[in-house]
Amino acid sequence: MHVPDGFFNAPTSVATGAVAAVGVGVALRKARAELDDRTAPMAGLVAAFIFAGQMINFPVGAGTSGHLLGGALAAVLVGPWTGALCISVVLLVQALFMADGGLTALGTNITLMALVGGFVGYGVFRLVLLVLPRKVTSVPVAAAVGALVSVPAAATAFTLLFALGGTADVATGKVLAAMVGWHVVIGIGEAIVTGLVVSAVLTSRPDLVRGARGLASNRAPLITKETSA
Amino acid sequence: MSATGTTTSRRFLVIGLLVALLVAGVGSFYASSHPDGLEYVAGRTGFLDTAEEDPVSTGSPFADYGTEGVDNERLSGGIAGVVGVLLTLLIGGGLFHVLGRRGGSEEYVDSPEPPVAARD
């Protein structure tokens with residue numbers, strides 16, 4: 001979902017740049033409480049892993065593909081503020097070195113994928129956790145649902161921006177239907193990857209999954225061997 | 001937390017990084033080359049041509065996940081992927097290291113499980 005240069009007019013790009021700057025600024029302050037000697041390297045790894053994951057486009061039919069956005073995944077693993085910074089770093093590297101996502105659209109891309117994708121994904125994850133049984137095995141399921149919703153949420157935010165400051169004159173309804181429709185399908189891929197990765201980390205190091213705190217036993221990492229019927 | 005926490009963490013990080021490098025360096029060659037959701041919708045609904053023909057270039061030799069001067073497609077994409085993972089790790093890791101050092105100490109007080117970092 002990397003927006004290239006030119007899709008949005010200058011005022012919109014400046015506005016999303018400002019939103020991104022404020023969001024990243026707040027995240028830089030709040031992330032300190034989420035990070036310590038043990039979680040900081042994990043957060044660096046999460047960013048690197050999501051960069052890699054974003055390179056794997058999977059086909060979703062009709063000649064279209066999708067790839068992991070990673071906002072929900074990062075938020076569940078290392079916390080929402082650090083997670084937003086992870087995605088922002090990935091987008092920065094992509095824009096600066098890979099020509100993926102326009103430089104003038106970096107603010108837009110951070111707003112859509114790091115902020116909207118990340119926080120919607122994390123919010124849904126938290127809500128779903130409230131409903132599910134208080135067990136470690138609920139965490140990957142909740143993460144997957146958060147991931148599923150995060151992708152069409154980012155697509156909806158894109159359409160909103162497009163209606164406000166898109167340079168092309170295309171009916172908003174048409175863009176909305178196509179964007180949300182395709183990104184629900186891509187969201188299913190996002191949900192599968194997110195659920196699998198969270199569950200893999202939970203199996204080997206449950207203490208490194210921030211979203212599982214209070215659920216993952218802090219003295220017996222072996223708990224993951226249990227599969228409650 | 002067990003006393004082996006520190007070493008296990010290191011092992012976990014190394015394995016995680018190897019997986020990321022494999023995915024970006026090797027797996028990416030097998031990724032779908034179809035346009036992604038946004039590009040497809042832009043083409044279908046008719047605003048793809050508003051994308052800048054000549055976007056602002058940073059002069060990076062890894063533009064579009066290829067490596068300038070490397071003709072072999074598999075190698076070209078693989079190198080770009082590995083470089084991207086390492087750059088992300090470097091920038092992200094550096095940033096989080098700095099943030100963690102400045103903010104971590106207050107958290108230790110009410111943390112239910114004191115971190116084993118002291119074993120360093």
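The values are calculated or read from the model by the stated rules, or taken from the named source; none is laboratory data. Keep in mind that this is a model prediction, so the values were computed, not measured. With ideal geometry, Cβ positions are generated from the backbone for all residues, glycine too; neighbour counts draw on all protein chains shown. All accessible areas refer to the heavy atoms of the entire protein, side chains included, with ligands and DNA or RNA removed. Shrake-Rupley method; radii C 1.70, N 1.55, O 1.52, S 1.80 Å.
Here is a list of conditions, (1) open to solvent by 20 Å² or more (accessible area, probe 1.4 Å); (2) more than 7 Å from chain B (Cβ to nearest Cβ); (3) under 26 Å from B:Phe29 (Cα atoms), and A:Asn57 meets all of them except one; can you say which number that is?
Here A:Asn57 clears every test but (2).
Pick out, from the stretch A:28-143, the helices (runs of 4 or more DSSP H) lying fully within it that include 3 or more residues that are of a type in the set (A, V, I, L, M) and under 15 Å from A:Ala212 (Cα atoms). Please lay out each step first, then the result.
On the way: elements: A:39-54, A:71-78, A:80-97, A:106-109, A:118-131.
In the stretch A:28-143, A:71-78, A:118-131 are the helices (runs of 4 or more DSSP H) which contain 3 or more residues that are of a type in the set (A, V, I, L, M) and under 15 Å from A:Ala212 (Cα atoms).
Output the residue which, of all residues in the stretch A:60-90 that are on the phi > 0 side of the Ramachandran plot and over 15 Å from the mean Cα position of the chain (by Cα), is nearest to the other protein chains (Cβ to nearest Cβ).
Of the stretch A:60-90, the ones on the phi > 0 side of the Ramachandran plot are A:61-63, A:70, A:79.
Still in the list and also over 15 Å from the mean Cα position of the chain (by Cα): A:61-63.
Values: A:Gly61: 9, A:Ala62: 8, A:Gly63: 5 Å.
In this case the residue turns out to be A:Gly63.
Any idea which residue in the stretch A:171-183 is nearest to A:His67 (Cα to Cα), counting only those that are surrounded by fewer than 16 Cβ atoms within 10 Å (Cβ to Cβ) and among the aliphatic types (A, V, I, L, M)? Lay out the reasoning, then the answer.
Step one: list which residues in the stretch A:171-183 are surrounded by fewer than 16 Cβ atoms within 10 Å (Cβ to Cβ), which gives A:171-174, A:177, A:181.
Those left that are additionally among the aliphatic types (A, V, I, L, M): A:171, A:177.
Numbers: A:Ala171: 26, A:Ala177: 20 Å.
Within the stretch A:171-183, the match that is nearest to A:His67 (Cα to Cα) is A:Ala177.
Please count how many residues of the stretch B:6-48 are open to solvent by 80 Å² or more (accessible area, probe 1.4 Å), at the interface with chain A (Cβ under 8 Å from one of its Cβ atoms) and closer than 20 Å to A:Thr172 by Cα.
The number of residues fulfilling the criteria is 1.
The conditions are (1) hydrophobic (A, V, I, L, M, F, W, C); (2) open to solvent by 10 Å² or more (accessible area, probe 1.4 Å); (3) at pLDDT 95 or above, and A:Ala20 fails exactly one of them. Which is it?
Evaluating A:Ala20 over (1) hydrophobic (A, V, I, L, M, F, W, C); (2) open to solvent by 10 Å² or more (accessible area, probe 1.4 Å); (3) at pLDDT 95 or above leaves (2) as the failure.
With A:Val139, A:Val149 as the choices, which residue is surrounded by fewer than 24 Cβ atoms within 10 Å (Cβ to Cβ) and β-branched (Val, Ile, Thr)? If you could, list the steps in order and put the result at the bottom.
On the way: A:Val139 fails: surrounded by fewer than 24 Cβ atoms within 10 Å (Cβ to Cβ).
From the options A:Val139, A:Val149, the qualifying one is A:Val149.
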